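The values are calculated or read from the model by the stated rules, or taken from the named source; none is laboratory data. Because the structure is predicted, anything quoted here is derived from the model rather than measured. Quick reminder, even Gly has a Cβ in these numbers, built from the backbone with ideal geometry, and neighbours come from all protein chains shown. Surface areas here come from the heavy atoms of the whole protein model, side chains and all, with no ligands, DNA or RNA. Shrake-Rupley method; radii C 1.70, N 1.55, O 1.52, S 1.80 Å.
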Amino acid sequence: MSRTGMCPRVLVVGAGLAGTATAIRLLRFARRPLEVVLLERRSDYRYAGVAYHRDGNPWDHVFNIQAGRMSAFREDVHDFVRWANHEADRRDWPEPWAELRFIEQGPAPRRIFQDYLINRLAEARREACPGVVLIEADGEAVDLEVRPAGVEVTVRRLAASGLAAGEGPEPAVLFADHVVLATGLEQREPPFAAGVRAHASFVRNPYSASGVRRLAALPREATVAIVGSVLSAYDSAGLLLRRGHTGRIHLISRTGTMFRTYPGGHEHGVLQLPCPKALLEPYRNREEFLARVRTEWETACSAVVQDHPDVDPVVVAERVAKAWEPHLPEAIDRIPSAELRCLLDEFGTAIAAFRVGAVEYTMSVIERAMHSADGPVRLVVGKVDGITPAESGRLVVSVVAQAEQHSIEADLVVSNFGRESDYSRVGQSLWRNLLRKGIAVPHTRTGRGLEVDGQGALLTPEGEPAGPISAVGVLREGDEIVRNGRTGAFTFNLAAIKNHSIAVAARAIEQLELREDGLARNMAQFHGHVSNIEEATPDGFEEAVLLEAKRLATRGRTEREQLDSQLDARIRSVSELLTLPMDASRYDRLLRAVVSRAAVERLTDISVTPRQLRRQLGLANAEDLED
């Protein structure tokens with residue numbers, strides 16, 4: 001469907017955390033008329049996704065990390081806590097949350113994050129520039145067709161007001177100038193549960209409304225088997241224990257890995273540690289490589305203990321894992337793809353446990369139930385071989401460990417969420433069609449997520465951009481591993497999504513503006529002059545980058561417009577000092593795009609903490625929760 005003469009449209013497919021965060025950035029960043037369409041196929045997942053939607057998260061489910069790290073904006077680290085204390089509607093909140101004053105290091109229930117994102121999206125809509133509009137649509141995107149001017153998106157069950165497309169049972173075709181894929185987590189079907197998926201005593205998704213109801217309705221003395229011993233397992237076990245459960249709860253883990261508890265007052269931090277040079281040697285074999293990793297790891301942990309006595313011993317591993325991230329891409333590049341996939345599969349849970357912990361609110365009840373003599377929680381180390389119905393109506397879980405097999409008969413078996421990271425196995429129509437057409441390609445090196453470039457654009461099998469199509473969130477898991485050294489859930493968690501939303505929104509708007517100005521073809525050539533510009537006017541260029549970074553970080557339209565005006569003046573002053581190879585106005589427009597790219601790099605620099613970033617930008621009251 002042609003949109004000739006109409007303002008550009010960016011279609012965001014998926015309105016969970018990643019999609020909503022990207023829509024907020026699009027509404028904030030756009031300086032010209034733009035239509036942002038936020039499409040979601042499940043109304044209960046809108047603004048939340050599987051991780052935060054209310055129906056699947058009772059009040060006992062809290063964030064894995066402290067409330068102070070849950071801001072949707074990297075440049076405003078305290079935004080979520082301020083919202084929870086001063087803006088949230090608590091009239092329907094139960095105790096203890098209704099009267100709690102949230103603090104940076106404390107817990108917060110996951111279900112309120114949906115309200116937070118609703119509020120911030122509404123604010124971004126109100127504060128958008130004239131002509132920048134948001135349309136929220138229901139429907140399922142099932143296919144994309146790349147055209148010379150944009151992308152045609154086939155949507156089933158489309159329902160939205162304000163869209164120039166037919167609604168109803170027949171699929172509709174929406175034209176978009178740019179598409180952002182933010183489809184979130186895909187669920188893997190565990191082979192061990194093939195025969196019991198519909199069994200009344202089996203919970204496939206503990207974050208579903210039906211799963212929560214079955215856990216809540218379970219008799220206190222019932223025997224429960226939970227497949228997994230990581231964060232989703234703690235949610236299910238914690239929900240039971242806080243309701244007075246006394247029956248045996250088995251946590252079944254292939255590796256026996258348990259997450260640690262964050263110490264009180266824990267703050268995010270990044271240490272500068274020496275490069276683990278042994279990891280950069282040629283890859284010989286698995287055993288030799290793992291030996292090098294262990295030696296370097298022990299050395300680094302000892303150095304942190306000795307040189308940084310202020311670091312709590314509980315988070316030494318986290319500090320080392322973070323410090324290694326800039327060096328991991330070079331180390332990973334030396335590992336053959338088949339070996340890399342095996343290592344990620346084998347050690348993925350352990351890596352995640354090194355990289356992240358859980359708050360005391362979640363872990364205390366689990367640890368008490370595990371460590372007391374009569375506690376109901378037991379860790380079972382082994383691989384689930386199968387689950388079968390028993391004559392009693394219960395389920396029997398077969399667990400294999402070190403060539404031995406034993407069985408657990410349970411009144412309820414809870415599977416972990418089981419994320420599917422290989423998109424060649426995802427059954428959704430959208431992914432079958434995109435992979436068939438070569439618009440999307442499974443990540444070659446890791447088999448996790450899709451092939452994308454550094455800005456998140458989907459790549460074809462030939463490594464070329466598939467079109468004006470970008471990805472945010474979990475779709476970029478493999479790329480985050482090999483490009484940025486992120487590991488575990490940090491490849492697609494809130495921290496990664498914050499950066500994705502900034503970079504994708506800024507690049508989409510840049511491309512649309514350059515196209516409108518007829519400058520799209522000039523950008524690649526012009527970008528080669530950037531170093532010359534920085535050398536000729538270092539102070540002017542740096543000031544321009546800082547102004548643009550502040551503009552991108554500003555919530556209110558009036559202040560953004562003031563910064564925009566200041567930036568235009570600074571761009572002109574820089575141009576006046578240079579010999580222009582083209583018309584001044586065109587040169588200014590290209591220079592502004594270069595400045596914007598530099599500002600995005602500043603905002604998404606993971607080598608600095610959010611607090612450090614805030615200070616770099618000169619934003620006031622960085623430490624004040626009341627600002």
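A few remarks follow.
- Contacts under 6 angstrom Cβ, first residue in segment 127-148 being of a type in the set (Asp, Glu), partner part of a strand (DSSP E or B) and crowded, with 18+ Cβ neighbours inside 10 Å, 6 or more apart: GLU136/LEU38; ASP143/THR154
- Unique residue being charged (D, E, K, R), in contact with a Leu (Cβ under 7 Å, 6 or more places away or on another chain) and outside any loop (DSSP other than H, G, I, E, B) when the list is ARG25, ARG82: ARG82
- Once segment 430-461 is narrowed to residues that are under 16 Å from GLY184 (Cβ atoms) and small (Gly, Ala, Ser), the residue that is surrounded by the most Cβ atoms within 10 Å (Cβ to Cβ) is ALA440.
- Inside segment 153-184, residues that are modelled with pLDDT of 85 or more, in a loop (DSSP other than H, G, I, E, B) and open to solvent by 60 Å² or more (accessible area, probe 1.4 Å) make up a count of 1.
- Selected residue (only one of ASP138, ASP143 is under 14 Å from GLY19 (Cα atoms), open to solvent by 10 Å² or more (accessible area, probe 1.4 Å), outside any loop (DSSP other than H, G, I, E, B) and in contact with a strand residue (DSSP E or B) (Cβ under 7 Å, 6 or more places away or on another chain)): ASP138
- Close pairs (6 angstrom Cβ cut-off, 6 or more residues apart or separate chains): within 12 Å of GLY540 (Cα to Cα) in segment 569-586, at pLDDT 65 or above and part of a loop (DSSP other than H, G, I, E, B) anywhere: VAL574/THR537; LEU577/THR537
- Of the criteria (1) farther than 21 Å from LEU158 by Cα; (2) part of a helix (DSSP H, G or I), which one TRP59 fails: (2)
- Which listed residue is β-branched (Val, Ile, Thr), assigned to a loop (DSSP other than H, G, I, E, B) and either open to solvent by 30 Å² or more (accessible area, probe 1.4 Å) or out of contact with any Asp or Glu (no Cβ under 7 Å at 6 or more places or on another chain) (or both), from THR255, THR295: THR255
- Matching entry among GLY247, GLY228 (being touching a strand residue (DSSP E or B) at 6+ places or on another chain (Cβ under 7 Å) and surrounded by 21 or more Cβ atoms within 10 Å (Cβ to Cβ)): GLY228
- GLY238 in a loop (DSSP other than H, G, I, E, B), surrounded by 14 or more Cβ atoms within 10 Å (Cβ to Cβ) and in contact with a helix residue (DSSP H, G or I) (Cβ under 9 Å, 6 or more places away or on another chain): no
- Of all residues making up segment 407-425, the number that are open to solvent by less than 10 Å² (accessible area, probe 1.4 Å) and either closer than 20 Å to ARG42 by Cα or part of a loop (DSSP other than H, G, I, E, B) (or both): 1
- GLY49 being open to solvent by less than 10 Å² (accessible area, probe 1.4 Å) and closer than 27 Å to ALA358 by Cα: no
- Restricted to segment 259-288, and to residues there that are part of a loop (DSSP other than H, G, I, E, B) and of a type in the set (D, E, K, R), the residue that is most open to solvent (accessible area, probe 1.4 Å) is ARG284.
- Any hit, segment 352-367, residues being more than 12 Å from TYR234 (Cβ to Cβ), open to solvent by 20 Å² or more (accessible area, probe 1.4 Å) and basic (Lys, Arg): no
- Options GLU325, GLU318, GLU298, GLU267; residue that is within 23 Å of ASP605 (Cβ to Cβ) and without any contact (Cβ under 8 Å) to a residue 40 or more places away in the chain: GLU318
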